[in-house]
1. Within the set of pairs 6 or more residues apart or between chains, which connect a residue that is under 25 Å from T45 (Cα atoms) inside segment 293-310 to a residue that is β-branched (V, I, T) with Cβ atoms less than 8 Å apart?
2. Criterion first (in contact with a strand residue (DSSP E or B) (Cβ under 7 Å, 6 or more places away or on another chain) and open to solvent by less than 30 Å² (accessible area, probe 1.4 Å)) does V180 satisfy it?
3. Which residues, taken from segment 244-303, are modelled with pLDDT under 95, farther than 27 Å from N60 by Cβ and in a loop (DSSP other than H, G, I, E, B)?
4. Would you pick out the residues in segment 207-243 that are in a strand (DSSP E or B) and more than 17 Å from the chain's Cα centre (by Cα)?
5. Return the pairs, sorted by first residue and then second, in which the second residue is polar (S, T, N, Q) and assigned to a loop (DSSP other than H, G, I, E, B), the first residue lies in segment 51-74 and is under 16 Å from L263 (Cα atoms), the beta carbons are less than 6 Å apart, and the residues are 6+ apart or on different chains.
6. Looking at T153, is it modelled with pLDDT of 95 or more, β-branched (V, I, T) and over 18 Å from the mean Cα position of the chain (by Cα)?
7. Go through segment 303-319 and count every residue that is in contact with a Cys (Cβ under 6 Å, 6 or more places away or on another chain) and either of a type in the set (F, W, Y) or over 11 Å from L386 (Cα atoms) (or both).
8. Kindly evaluate Q391 against the criterion of being open to solvent by 10 Å² or more (accessible area, probe 1.4 Å) and either within 20 Å of L304 (Cα to Cα) or charged (D, E, K, R) (or both).
Amino acid sequence: MKPISATAKSIAPSATLDIDTLAKQMKADGIDVIAFGAGEPDFNTPEHIKEAGIEAIRANKTRYTPASGLPALKSAICSSIEKQFGLKYENKNICVSSGAKHIVYVSVMALVNPGDEVILPAPYWVTYMEIIRMAGGVPVVIDTDERTHFKLTPEMLESAVTEKTKCLLLNNPSNPTGMVYTRQELLDLMEVVKKHDLYVISDEIYNTLTYGCTHTCLPTLDEDIKNRTILIDGLSKTYAMTGWRVGYSAANEEITKAMSNYLSHSTGSTCTISQYAGMEALVNNTDEAEQMRQAFDERRQYFLRRIAQIQGVSCIEPEGAFYIFMNIKQQLGKTFFGEKVETSAQFAQSLLKNGLVAVVPGGAFGAEGYIRWSYATSMDAIRTGLDRFEQFLKQGK
Ligand code: PMP
Ligand code: GLU
């Protein structure tokens, strides 16, 4: 038989989802593993949102919707963005999609020609790299490190731009590092973006999850930036709605039209029931989201206190999202349970097998020497998981 597509062959599976599936399988097999793999809130979707979904089914709101989303949901998205950031968009600027992941994909498809370069600061969320490659784009990875708190600087950006650069893919707050750009840092970066006439895909899905700092929504900087930015958001993280699959974008009309066309030929539209539930989440915004944020913050602080007491590992304090990006460089080169551990992947494998704790290796995010913990899990799990981690580290020789 002829080979399947070269692009399809080259796509790596999602490391975050893989680890999650493995940990779930181990649990199903009766193994008492504690999972810190997937970034998925442990909370249930709030009752009133679930009810809105059930009500939609009862009311036979079960047919196709316009490809880029229900007009009423788009209006709710515009109102929510305006309320939160003082930014004005109209329905013609909005696309609703089956999750933010899909709308990042559609954004890249809308902007990138084969061979165009997309600048991607590392550590990056695993999916970005593959999406750029799926679109035939060329990912240009800029390594950041702890010296700049894993943030991209204007100098780094400037040195990566070529004639082929089409856009910058920015994630703020960041998965996996939890870093949050200040307004000034964004303003400085955007000078370079404007100078070279680039687009920006700004994935701000964790914008409501910040701790003691202020999130700056990129398009609020000025009209020019707003016009060249595709703002990405979604309901998965803020409203504990991962499985409902609702994400959305806000962008200029030309880009939005192109994205809408893509949606019309790919998903057709986002699940109608989920759209009604999503509308309830945005319109009747109760304080559940804030309660979840506070719970994440308590867990974050607990994590930080514990890590400060553990020898041989460290982390920079994350200010957003729900991840700890732990530096394990001192552990590499040691032998754990009879096996030499040279990479973060080997460390994560040994920790899972011998310590029964699932984390994602930094290599998956383009940052060797780190592991990512999601603290979107219960305090009990965090306590026990860190106890196990400490015991595991003691075995390193
Ligand atoms: N962007 C980032 C940075 C994420 O961590 C996630 C998590 N899955 C997504 C987008 C996509 O979220 P979803 O597809 O569930 O809306
Ligand atoms: N975004 C989350 C994570 O990074 C969920 C899993 C995924 O979709 O990749 O773990």
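1. Between residues of segment 293-310 that are under 25 Å from T45 (Cα atoms) and residues that are β-branched (V, I, T), the close pairs are R293/T208; R299/T377; R299/I382; R300/I324; Y302/I382; F303/I324; F303/I382.
2. Against the criterion (in contact with a strand residue (DSSP E or B) (Cβ under 7 Å, 6 or more places away or on another chain) and open to solvent by less than 30 Å² (accessible area, probe 1.4 Å)), V180 qualifies.
3. The answer is D287, and nothing else.
4. Hit for segment 207-243 is T229, nothing else.
5. Once the first residue is under 16 Å from L263 (Cα atoms) and sits in segment 51-74, its partners that are polar (S, T, N, Q) and assigned to a loop (DSSP other than H, G, I, E, B) give Y64/S269; T65/S269; A67/S269.
6. So T153 fits the description; yes.
7. Residues meeting the conditions: 1.
8. yes
The values are calculated or read from the model by the stated rules, or taken from the named source; none is laboratory data. Fair warning: this is a prediction, and the values are worked out from it, not measured in the lab. Every residue, glycine among them, receives a Cβ derived from its backbone with ideal geometry; neighbour counts consider all protein chains shown. Protein only, heavy atoms only, side chains kept; ligands, DNA and RNA dropped before computing areas. Shrake-Rupley method; radii C 1.70, N 1.55, O 1.52, S 1.80 Å.
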